[in-house]
1. Of everything in the stretch B:52-63, what is surrounded by fewer than 22 Cβ atoms within 10 Å (Cβ to Cβ) and more than 7 Å from every other protein chain (Cβ to nearest Cβ)? Give them in sequence order.
2. Given A:Val80, A:Val90, which one is free of Cβ contacts under 8 Å to residues at least 12 places away in the same chain, more than 7 Å from every other protein chain (Cβ to nearest Cβ) and either hydrophobic (A, V, I, L, M, F, W, C) or closer than 15 Å to B:Ile294 by Cα (or both)?
3. Listed residues B:Phe74, B:Phe91, B:Phe62, B:Phe36; which is more than 29 Å from the chain's Cα centre (by Cα), assigned to a helix (DSSP H, G or I) and of a type in the set (Phe, Trp, Tyr)?
4. Just checking, which of B:Leu316, B:Leu303, B:Leu329 is free of Cβ contacts under 8 Å to residues at least 40 places away in the same chain, more than 21 Å from the chain's Cα centre (by Cα) and at negative phi?
5. Checking the condition surrounded by 24 or more Cβ atoms within 10 Å (Cβ to Cβ), more than 18 Å from B:Asp415 (Cα to Cα) and of a type in the set (Val, Ile, Thr), which residue from B:Thr143, B:Thr160 passes?
6. Restricted to the stretch B:1-24, and to residues that are of a type outside the set (A, V, I, L, M, F, W, C) and more than 7 Å from chain A (Cβ to nearest Cβ), which residue is surrounded by the most Cβ atoms within 10 Å (Cβ to Cβ)?
7. Scan (1) of a type outside the set (D, E, K, R); (2) at pLDDT below 90; (3) in contact with an Asp or Glu (Cβ under 8 Å, 6 or more places away or on another chain); (4) under 28 Å from B:Thr403 (Cα atoms) for the single condition B:Ala187 breaks and write down its number.
8. For the stretch B:215-222, check the following and say yes or no: at least one residue is among the aromatic types (Phe, Trp, Tyr) and either in contact (Cβ under 8 Å) with a residue 24 or more places away in the chain or not in a helix (DSSP H, G or I) (or both).
Amino acid sequence: MKRVYMDRFIDSIEWVAAGFVGIVAANIFISVVLRNLFTYSIPDSYDFGRLMLGILIFWGIAATSYRGTHITVDLVWGNVGPKYQRMIDVFATLVLLFVVSVQTYTLFDKVMTTRTDNVLTFDLRLPTWPFFMVAWLGDVSAVLLIAIRTYRLIVRPELMAETKIKPVE
Amino acid sequence: MSTDAVAIIGFLALFVLMLLRVPVGMAMGLVGVSGFGYLVGGAPALKLVGQTSMRTVTDYTFGVIPMFLLMGAFVTASGMSRELFRTANSFVGHMRGGLGIATVAACGGFAAICGSSVATAATFSTVAYPEMRRFGYPQSFATGVIAACGTLGAMLPPSTVLAVYGIITEQDIGKLFIAGIVPGLLAITMYMITIAIIGWIRPGFLPKGERHSWRQRFAGLKDIWAPLLLFVFVIGGLYGLPFLPRFTPTEAGGVGASGAFLIGVLSGRLTKDGILGALLQATRTAAAVFTVLIGALIFGYFLTITQTPQKVTELLTGLGLGRYGVLALIMLMYLVLGCLMDAMAMIILTIPIIFPVITHLGFDPIWFGVIIVMTVELGLIHPPVGMNVFVIKSVIKDVSFTTIFKGVIPFIITDLIRLVILITFPIIALWLPSHM
């Protein structure tokens, strides 16, 4: 896949997650307004809120894993030369790939269990497994993107130049 | 192999993985599930991964984190910091060190609606630094005051770090936020006093800025209604002020994010790019924090099965140091850890082990939350990691790390004094939440 298509694909994943952040915020705001001004509750707004939260986080993890903006300890990495930095990055990304692959495998089991158990939302009695499935697809994307990151770190490291500042705290 | 040996090997493996730059959450998850699998069995360990991951990301209470992150991102993108600084400057800028004092006040106001130390430091590097330099303030002081004031973002509500502490320890996040108010105001006051003392000791060091008329000052007040309204509505709703709807912390975050968005759009300060950038920023940070949370919860099962928290409690309380001696030891450990890792990682990694010790010694969990956040925030400004210092350096290119660290020293001393005051008088943190 050409780089431009690849980057568009990665951007789209990030936009999916970002869109869900906005939807979760809007869902909470509208629920609060309706509850306080009209004493009306949107059916399943609580369940929709938490299920969309799950979707946004897994899709967000996919983008974060690719961009390399996870919370890390950079003490050793920051004090070695570029050659060792690259080796550390490749090792860390391979571990990341392994962990997220295992997580994806176990999450699929969770999705299937939820489907078998016929877990429903509180008000509208809708099945929750499709939401879990969409969240799981985010984790599948994460595996795919980390694999691409690993490949690029080994073969095209210049494409993976990253910022040292992480916007946490 | 005994459970003690497994626990020790687990911790060693965790530190090696983290030093090799494996994301903290992933390292915790990997060690946690491996250790759990070794002691209990592979199948239950794998089940644990799927269940814990899905339960964590679909927990409505945890929604407080992305919501307040989004609020902070909208506030930052709206440029509300400029009005805050301009207004504060119009009142105190003409005094010796006045621009520094204005920076403290504006950072405090911004932190109260932003919740991020790093965002506060980055924002004021572009807002306050050029103004301080224009009036001849030394680089070391200008950057030092911004680095120190950035830490207010973690103390004043809404604070992401306090929210994470609340989630891990199952404490009321609303109470934790409210508990941070008075210590945050104390920090603002003490930083201002520090600047006044520096100006008094070295009169030529901090020049005076220009004087503004009372008319200009009151005109400036009109510009800061938006951040003030947002803070009162969100935190007031959380506290349960009369005439305001009562919010849960997640609702307060959602309402705050939507409020910041509406204020930004209606005032014309939030552009399309700003909105998109804020959504992306909040998503990335939330994903990074949730990764660590999932890892920490899985690691927590490993800690439980090896009874590590109980053993650490027995060890520390058996030292014969007394409760304040043990507390001092813990604080010291956090200050040392602050040289190695950032605040969020420190909190998530250590609190599950340290928290049982604190409750066993009879300390208040809400008070300890404030104390621990203050302590780990010191790590944001002291060498060699000092995340806020790195952020300032990334924004202001022509300043060296040594210069920033030099400027931050007086504020580190102030922080240490404040820490002693808060440990001596817990009521400072606990008075407001006791009225909720």
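The values are calculated or read from the model by the stated rules, or taken from the named source; none is laboratory data. These numbers were taken from a predicted model, which means no experiment stands behind them. Quick reminder, even Gly has a Cβ in these numbers, built from the backbone with ideal geometry, and neighbours come from all protein chains shown.
1. Matches in the stretch B:52-63: B:Arg55, B:Thr56, B:Thr61.
2. A:Val80
3. Result of the check over B:Phe74, B:Phe91, B:Phe62, B:Phe36: B:Phe36.
4. Step by step, each of B:Leu316, B:Leu303, B:Leu329 is checked, and only B:Leu329 is free of Cβ contacts under 8 Å to residues at least 40 places away in the same chain, more than 21 Å from the chain's Cα centre (by Cα) and at negative phi.
5. B:Thr160
6. B:Gly10
7. With (1) of a type outside the set (D, E, K, R); (2) at pLDDT below 90; (3) in contact with an Asp or Glu (Cβ under 8 Å, 6 or more places away or on another chain); (4) under 28 Å from B:Thr403 (Cα atoms) applied to B:Ala187, the lone miss is (2).
8. There is no residue in the stretch B:215-222 that is among the aromatic types (Phe, Trp, Tyr) and either in contact (Cβ under 8 Å) with a residue 24 or more places away in the chain or not in a helix (DSSP H, G or I) (or both).
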